[in-house]
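Structure record follows, encoded as structure tokens.
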Amino acid sequence: MRTIRADVVVIGLGAMGSMAAWQAASMGASVIGVEQFTIGHARGSSHGGSRIYRQILFEGKEYVPLARRSLDLIRALERGSGQTLFTPSGGLVIGTEGGPLIQDALASAAAGEVAHEWLKADDLRRRYPQHAVFDDDVAVFEPGAGVLRPEVCVSAAVEAAGRAGADIRTGSPVSALRVEDGHVDVTVGEERLLAGKVVLASGSWTLDLLPEVSLPLRTQRSCLSWFTARGDGETYGPGRFPTFVRESHDLEGWGIPDIDGQGVKVGVSGAAARKRWLERPEDNWYDPSPEDVAPVEDFCRRAFPGLDPRVAKASACMNSKSPDGDFVIGPVATGGRVVFAGGFSGHGFKHAAAVGLACAQLALDGGSEFDLTAFSPTRFEEPR
């Protein structure tokens, strides 16, 4: 068995791992990036053509620095790659006045000093007639929001990592991960990778590689669905149809404008979603069923009179979820030699570039420019 040494091994080159490999290599470290599938594959959580980017973050004010830094890094990655990674569209948070979603959005905008505009129901109808609006609906509009292209972002980050000197391995599943005195030992095929630190960012496969670490993460199936316009498709393009998150009456969902001619991407949240919990990631590898798309079609039928409510395209995705819905980022295992990045709970991609930077900093410097206290893996430990 051949032995190769590096400063850092990054396991999993999806959203977070690709960015961590790019950042660690850019910081001058010797990096080996390992991906069990191909770059930009559709078997995990980092695909689907489009993801919402916003800085109004009702998940908590601790996310604002990550979101801001991520957009800066994505812009830098765009310049280096020559590809479009971010498309501006603006973003809407739609709810009832005084409702929890709107209150959280306003608190987040104030805490992060995020530019925003208040819209009443008549404003919403006039500016965005695509939506079916209740009389007590209001909205918070964020002009700086937009759309990220996940596969392109991941590929660009891996390519940037390679240009910075990283050794990238694809189609290479890890068969063993051992933390030993002074190093981490990673077995990939007939190779033994020895490194000072490992960034473990393999999504729903992450805990399989580190059974000695107990974290209460579960994997949930998610169906990605696209719908086409009955008339002028440009009405739903990024120049006229912002991204949105909505919780008004019994309409709970989110959506992304048509950025590539595939249609409007729509999802549901809350009790209506009826998403299945998975025992293994591989249990998700089947095409969406009528039961998967039915809640989304129902939402689309009631929320968008100008869209054909029959799903035009659908694909399977999945999310690794933590009990509190917050990320899990930080050192685990003996001596903190494994930097864990997981549990992104369906709202991680907008933060991926900054999470990758944080992981690289933790692996190389032992600390990060971000306050990661709220995301610490130790928060789940039983008090002694």
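Worth a mention:
- Residues of the range 91-114 that are touching a residue at least 60 places away in the same chain (Cβ under 8 Å) and within 11 Å of VAL140 (Cβ to Cβ): GLY91, LEU92, VAL93, ILE94, GLY95, LEU101.
- Considering (1) more than 27 Å from ALA105 (Cβ to Cβ); (2) surrounded by fewer than 16 Cβ atoms within 10 Å (Cβ to Cβ); (3) of a type in the set (Gly, Ala, Ser), the lone condition that ALA157 does not fulfil carries the number (2).
- The range 205-229 - residue that is of a type in the set (Gly, Ala, Ser) and within 19 Å of the chain's Cα centre (by Cα) and, of those, surrounded by the fewest Cβ atoms within 10 Å (Cβ to Cβ): SER222
- Qualifying residue in the range 114-124 (condition: open to solvent by less than 30 Å² (accessible area, probe 1.4 Å), touching a helix residue (DSSP H, G or I) at 6+ places or on another chain (Cβ under 8 Å) and not β-branched (Val, Ile, Thr)): yes
- Subset tally (residues that are open to solvent by less than 40 Å² (accessible area, probe 1.4 Å), without any contact (Cβ under 8 Å) to a residue 60 or more places away in the chain, within 20 Å of LEU101 (Cβ to Cβ) and among the hydrophobic types (A, V, I, L, M, F, W, C)) for the range 254-273: 3
- Qualifying residue in the range 361-377 (condition: out of contact with any helix residue (DSSP H, G or I) (no Cβ under 8 Å at 6 or more places or on another chain), in a helix (DSSP H, G or I) and small (Gly, Ala, Ser)): no
- The range 331-355, subset open to solvent by less than 10 Å² (accessible area, probe 1.4 Å) and within 18 Å of ALA195 (Cα to Cα), residue farthest from the chain's Cα centre (by Cα): VAL338
- Listed by first and then second residue, the pairs with beta-carbon distance under 6 Å, at least 6 apart or on different chains, first residue in the range 343-369 and within 14 Å of PRO65 (Cα to Cα) and among the β-branched types (Val, Ile, Thr), second open to solvent by 10 Å² or more (accessible area, probe 1.4 Å) and part of a loop (DSSP other than H, G, I, E, B), form an empty list.
For every residue, the table says whether it meets (1) charged (D, E, K, R); (2) out of contact with any helix residue (DSSP H, G or I) (no Cβ under 8 Å at 6 or more places or on another chain); (3) open to solvent by 30 Å² or more (accessible area, probe 1.4 Å).
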{"position": "GLY237", "(1), (2), (3)": "no, yes, no"}
{"position": "THR243", "(1), (2), (3)": "no, yes, no"}
{"position": "HIS249", "(1), (2), (3)": "no, yes, yes"}
{"position": "PRO281", "(1), (2), (3)": "no, no, no"}
{"position": "TYR286", "(1), (2), (3)": "no, yes, yes"}
{"position": "PHE299", "(1), (2), (3)": "no, no, no"}
{"position": "ARG310", "(1), (2), (3)": "yes, no, yes"}
{"position": "ALA316", "(1), (2), (3)": "no, no, no"}
{"position": "ILE329", "(1), (2), (3)": "no, no, no"}
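The values are calculated or read from the model by the stated rules, or taken from the named source; none is laboratory data. Source: prediction; values computed, not measured. Positions of Cβ are backbone-derived with ideal geometry, glycine not excepted, and every protein chain shown enters the neighbour counts. The protein model used for the area step is the full one, side chains on, heavy atoms only, and it has no ligands, DNA or RNA in it. Shrake-Rupley method; radii C 1.70, N 1.55, O 1.52, S 1.80 Å.
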